[in-house]
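The values are calculated or read from the model by the stated rules, or taken from the named source; none is laboratory data. All values reported here derive from a predicted model rather than from experimental measurement. In this analysis, Cβ positions are derived from the backbone assuming ideal geometry, glycine residues included, and neighbour counts consider all displayed protein chains.
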Amino acid sequence: MWFRLMMMAFLLNGLCPFGLKILASLGLADRYTPVYLVFWYLAGGLFILALFLGNWRRPVRSDILVGAGLGFFSVCGQTSMGLALAKGLPGSVVFPVALAGGLFAVVLAAVLVFKERIGPAGVAGISLGIISIALLSLT
């Protein structure tokens with residue numbers, strides 16, 4: 001079950017920002033970003049609720065706290081991107097900044113909080129991430 005959920009998260013990642021970009025390109029981001037995000041996160045919340053009800057398993061307090069924290073910061077990030085697009089910032093600026101910020105935060109947390117050592121494969125992964133963000137910003 002865990003692997004299937006991670007694969008779904010991997011495949012669905014990016015759909016919400018894609019919708020924000022569509023709203024911005026149609027000139028609707030200033031009016032419909034909040035509504036779009038409410039329905040997006042409501043659908044996700046109902047999906048998680050259905051998973052818990054389908055397994056007849058009560059959520060553990062740590063599940064709820066981690067999920068609420070992740071959801072809160074996700075809403076903050078998506079709202080910020082939507083507002084930036086609504087104010088006229090081009091997607092070629094908004095998306096690379098958001099992606100690079102996420103990459104930087106994860107690497108910083110890994111090194112400073114979890115005391116991880118970054119080996120050659122990690123350096124290669126971080127480098128590829130930076131290169132891909134740079135390539136995405138060229139369009």
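Results, tabulated for the structure shown:
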read-out: Condition check for A98: touching a residue at least 60 places away in the same chain (Cβ under 8 Å), within 19 Å of A9 (Cα to Cα) and assigned to a helix (DSSP H, G or I); value: yes
read-out: Qualifying residue in region 113-123 (condition: closer than 28 Å to W40 by Cβ and either surrounded by 11 or more Cβ atoms within 10 Å (Cβ to Cβ) or of a type in the set (V, I, T) (or both)); value: no
read-out: Any chance S62 is over 18 Å from the mean Cα position of the chain (by Cα) and either in a helix (DSSP H, G or I) or closer than 30 Å to L128 by Cβ (or both); value: yes
read-out: Only one of G69, G45 that is within 27 Å of I133 (Cβ to Cβ) and in a helix (DSSP H, G or I); value: G69
read-out: Flag if L128 is modelled with pLDDT of 85 or more, outside the structural domain of L5 (by TED's automatic domain parsing), under 22 Å from A9 (Cβ atoms) and over 13 Å from the mean Cα position of the chain (by Cα); value: yes
read-out: Residue that is nearest to L99 (Cα to Cα) [pool: residues in region 6-31 that are surrounded by 12 or more Cβ atoms within 10 Å (Cβ to Cβ) and of a type in the set (D, E, K, R)]; value: K21
read-out: Members of region 93-139 found to be of a type in the set (G, A, S) and over 24 Å from L70 (Cβ atoms), listed by number; value: G119, A121, A124, S127, A134, S137
read-out: Region 32-59 residues that are surrounded by 11 or more Cβ atoms within 10 Å (Cβ to Cβ), paired with ones that are among the aromatic types (F, W, Y) and modelled with pLDDT under 90 (beta carbon under 8 Å, 6 or more apart); value: P59/F52
read-out: Tally, over region 101-114, of residues that are closer than 30 Å to L28 by Cα and assigned to a loop (DSSP other than H, G, I, E, B); value: 0
